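**Q** Below is a structure I'd like to ask you about.
The values are calculated or read from the model by the stated rules, or taken from the named source; none is laboratory data. Just so we're clear, the structure is a prediction, and the values are computed from it rather than from any experiment. Virtual Cβ from ideal backbone geometry, glycine too; neighbours counted across all protein chains shown.
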Amino acid sequence: MFSKKTLSIVLFAYAAFLSVSIAVQSSDAAILSGYFPMHQGKYWNFSCSETSETMSWAINGDFILRDAGSVFMMYQGDGTVLCMKQDWEGLRIYAEIRRDVLYLPEKPYLFLPRDLSTEIGAVMEETVEFNIYTSPKKNDTFEHTGSETRHVSFEFKRSEEIQVGGQQYSFCSVIERTTRRNQDAPVKETLWLVQGIGPVRIRVESGDTERVYTAISWSGSEKKVTSYALSRYFPLKPGLRWTYQDQDGSRYVNEIKISFKSKLKPDTLLMPFEDYLHDVHFVSMQEAGLVMPQKYLSPGGFCVADSDQDRPIIMLPSRLVPGQFSISRSHPLSRRWPSMMEMPVSGMEQIYSGMPMGIEDVTTPAGVFKDCIKIALANTDRAFVVNFDAIRVGYIWLAPDVGIVKEDLINMYNYADPRTMHSIFDVRFWELVKFDTVTPVPVLSYQGVQEAFATASVPSQRKPVVVKKTVEVEGLTWENNSRDMYEKAVKAAPFFIRSLAKKRLMKSITAYAGEQKIVSEDVVIMSFKESADRKFTQKTLLELEEMRMQ
């Protein structure tokens, strides 16, 4: 054991060593650790004299990206997501998502280095090769469609005092980042970074265009923090209907249907909130906030429900406090609808996270809405069985007594299997067109399901199988009922892997069909056994056998 005197000497020597190291390091390099804090819940709002809208960046949500591990997301608005990690050399970007394009670098590249030389004229340079993925057919299947080379450089310009938001900050580091894409003109971004805060000013120069963005608020800048009741900003009442218009002029309707008692917890009244995709979120406003004990997934025709209905996932907290980050997780079970019996495969996780970013006035085709709360929102539905994520990230604006009046969201699929490319399936720049109240009705999506379920429960004679001699589809000759069997097998896959299952099945069928390109019923069954996950095959195989020609 060290004596107190010895320990004091050791600590003094260590402190002296650190001070000398820092002095030497700071004499020729700017240490930028902490000058761009990247933690969940961090956000920045910027104003620009050339534009009327606020530009925002927000750190919210993470996921496991194959070949990279866990990455966090920085949403920059307008459908742009940077997937990032931090290491000892700085902040690195592992993927860029921009509206309808995926940019995947062959190696992660620096967003901001940790150390940067302060010598005049010293520049840190990096060349990055990108693979570009898009969807030529404008669906959720993305393909490799190009490549891009970028030359990125960083230069420390100076350290200076800066005044932002009525407060003076010393030792603000001014960094110049220049990006050249292929043969395009360079884009120069000058960042004013304050330790513990991040960017307080950004100047972007491209050709003859120059824009300056000044931070007007950020996480931690809130002085007099006000708490807002979610119940006022997210009204729940059967018959409320919201009509939205997207960036292409298309319209969508979300509506609250007639409430009913939960089958899993009869003392709980659930409010069905049906979205434009006919997915139904069974929600209620509780002490914890807006909760979702159950959710009906229209494409799959089944329901997911929290195993503990007393502690359902919280979509939004009951009190909205600017700058306060919240996160809720649950592991729901998959259940058949409407019986609510548990399905054999139930490995899922749901994650909701977000933080209010401030108060703004919002103008939409429905009018001007004062004192709206802008919220950074992230939601991940993770299926462990197939290693697949459905991810939603972006911003929503809630108006008092109205609800959502504007959305800036991107929806993505993240696949662990390297045979399937990640994809973007929905980008929303929605604005409210109309908010009204109609006579509440039941959830129509379920009436059909219930009737089908009731019909299936009544014993009946099996209908004769319709025999098709041959049919030519997708360059293949399908014999007898083979094409119907193929479609049945595809629909049997859970919706969240249906696209992947279809690809695998068709690949196997094509291989078995050979040069003659003839698909028999046996080929479909063999291909299904080979390509499908065993967890899903037993029931479907029986159904396929029944479809054989008789």
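**Q** Do the conditions hold for Tyr35, that is, is it in a loop (DSSP other than H, G, I, E, B), touching a residue at least 60 places away in the same chain (Cβ under 8 Å) and aromatic (Phe, Trp, Tyr)?
**A** Criteria met by Tyr35.
**Q** For residues that are of a type outside the set (A, V, I, L, M, F, W, C) and touching a residue at least 60 places away in the same chain (Cβ under 8 Å), scanning just the range 309-323, find the one that is surrounded by the most Cβ atoms within 10 Å (Cβ to Cβ).
**A** Out of the qualifying residues, it is Pro322.
**Q** Next question. Test Ser153 against the criterion of being touching a residue at least 40 places away in the same chain (Cβ under 8 Å), among the polar types (S, T, N, Q) and closer than 23 Å to Arg92 by Cα, and give yes or no.
**A** no
**Q** Taking the conditions exactly as written (within 24 Å of Gln76 (Cα to Cα), within 27 Å of the chain's Cα centre (by Cα) and either in contact (Cβ under 8 Å) with a residue 60 or more places away in the chain or assigned by TED's automatic domain parsing to the domain that holds Leu116 (or both)), does Ser147 satisfy them or not?
**A** yes
**Q** Exactly one of these conditions fails for His144: (1) in a strand (DSSP E or B); (2) under 30 Å from His39 (Cβ atoms). Give me its number.
**A** (2) is the only condition that His144 fails.
**Q** Pick from Ser170, Ser159: which is without any contact (Cβ under 8 Å) to a residue 40 or more places away in the chain, among the polar types (S, T, N, Q) and over 24 Å from Pro108 (Cβ atoms)?
**A** Ser170 is the lone residue from the list that is without any contact (Cβ under 8 Å) to a residue 40 or more places away in the chain, among the polar types (S, T, N, Q) and over 24 Å from Pro108 (Cβ atoms).
**Q** Has the range 107-126 got any residue that is in contact with a Cys (Cβ under 6 Å, 6 or more places away or on another chain) and either of a type in the set (A, V, I, L, M, F, W, C) or outside the structural domain of His422 (by TED's automatic domain parsing) (or both)? Quick ask: steps written out before the conclusion?
**A** Filtering the range 107-126 for residues in contact with a Cys (Cβ under 6 Å, 6 or more places away or on another chain) gives none.
No, the conditions are met nowhere in the range 107-126.
**Q** Quickly run through the range 323-378 and pick out the residues that are more than 18 Å from the chain's Cα centre (by Cα) and aromatic (Phe, Trp, Tyr).
**A** Trp337, Phe369
**Q** Can you pull out the residues in the range 422-434 that are in contact with a Ser or Thr (Cβ under 8 Å, 6 or more places away or on another chain) and within 29 Å of Phe384 (Cβ to Cβ)? Spell out how you get there, then give the answer.
**A** Residues of the range 422-434 that are in contact with a Ser or Thr (Cβ under 8 Å, 6 or more places away or on another chain), as a first pass: 423-424, 431-434.
Correct list: Ser423, Ile424.
**Q** Right, something else. Take Glu176 and tell me if it is closer than 28 Å to Phe130 by Cα, at pLDDT 95 or above and in contact with a Gly (Cβ under 9 Å, 6 or more places away or on another chain).
**A** On the way: closer than 28 Å to Phe130 by Cα: yes; at pLDDT 95 or above: yes; in contact with a Gly (Cβ under 9 Å, 6 or more places away or on another chain): no.
When the stated conditions are applied, Glu176 does not pass them.
**Q** Go over the candidates Ile258, Ile202 one by one and state the one that is among the β-branched types (Val, Ile, Thr) and in contact with a Phe, Trp or Tyr (Cβ under 7 Å, 6 or more places away or on another chain).
**A** Ile202
**Q** Now for a separate question. Among the residues of the range 281-308, count how many are surrounded by fewer than 16 Cβ atoms within 10 Å (Cβ to Cβ) and in contact with a helix residue (DSSP H, G or I) (Cβ under 6 Å, 6 or more places away or on another chain).
**A** Here the count works out to 1.
**Q** Given the residues Asp484, Asp533, which is the only one that is of a type outside the set (A, V, I, L, M, F, W, C), under 30 Å from Met343 (Cβ atoms) and modelled with pLDDT of 85 or more?
**A** Numbers: Asp533 fails: modelled with pLDDT of 85 or more.
After applying the criteria, what remains is Asp484.
**Q** Quick check on my filter: what residues within the range 307-342 are of a type in the set (Asp, Glu) and in contact with a Leu (Cβ under 8 Å, 6 or more places away or on another chain)? Full working, then the answer.
**A** Quick first cut of the range 307-342, residues of a type in the set (Asp, Glu) only: 308, 310, 342.
The one that is of a type in the set (Asp, Glu) and in contact with a Leu (Cβ under 8 Å, 6 or more places away or on another chain): Glu342.
**Q** I'd like to verify a number: residues in the range 288-307 that are modelled with pLDDT under 95 and farther than 18 Å from Val443 by Cα, how many?
**A** Going through the range 288-307 one residue at a time, the tally reaches 2.
**Q** Across the range 417-439, which residue is nearest to Thr145 (Cα to Cα) among those that are among the hydroxyl-bearing types (Ser, Thr, Tyr) and surrounded by fewer than 17 Cβ atoms within 10 Å (Cβ to Cβ)?
**A** Among those residues, the one meeting the criterion is Thr437.
**Q** I would also like to ask the following. Residues to consider are Glu129, Glu89, Glu96; find the one that is surrounded by fewer than 20 Cβ atoms within 10 Å (Cβ to Cβ) and in contact with a Phe, Trp or Tyr (Cβ under 9 Å, 6 or more places away or on another chain).
**A** Result of the check over Glu129, Glu89, Glu96: Glu96.
**Q** For the range 92-109, check the following and say yes or no: at least one residue is touching a strand residue (DSSP E or B) at 6+ places or on another chain (Cβ under 8 Å), modelled with pLDDT under 90 and not in a strand (DSSP E or B).
**A** At the first step, the residues of the range 92-109 found to be touching a strand residue (DSSP E or B) at 6+ places or on another chain (Cβ under 8 Å) are 92-109.
Checking which are modelled with pLDDT under 90 leaves us with none.
No, because not a single residue in the range 92-109 is touching a strand residue (DSSP E or B) at 6+ places or on another chain (Cβ under 8 Å), modelled with pLDDT under 90 and not in a strand (DSSP E or B).
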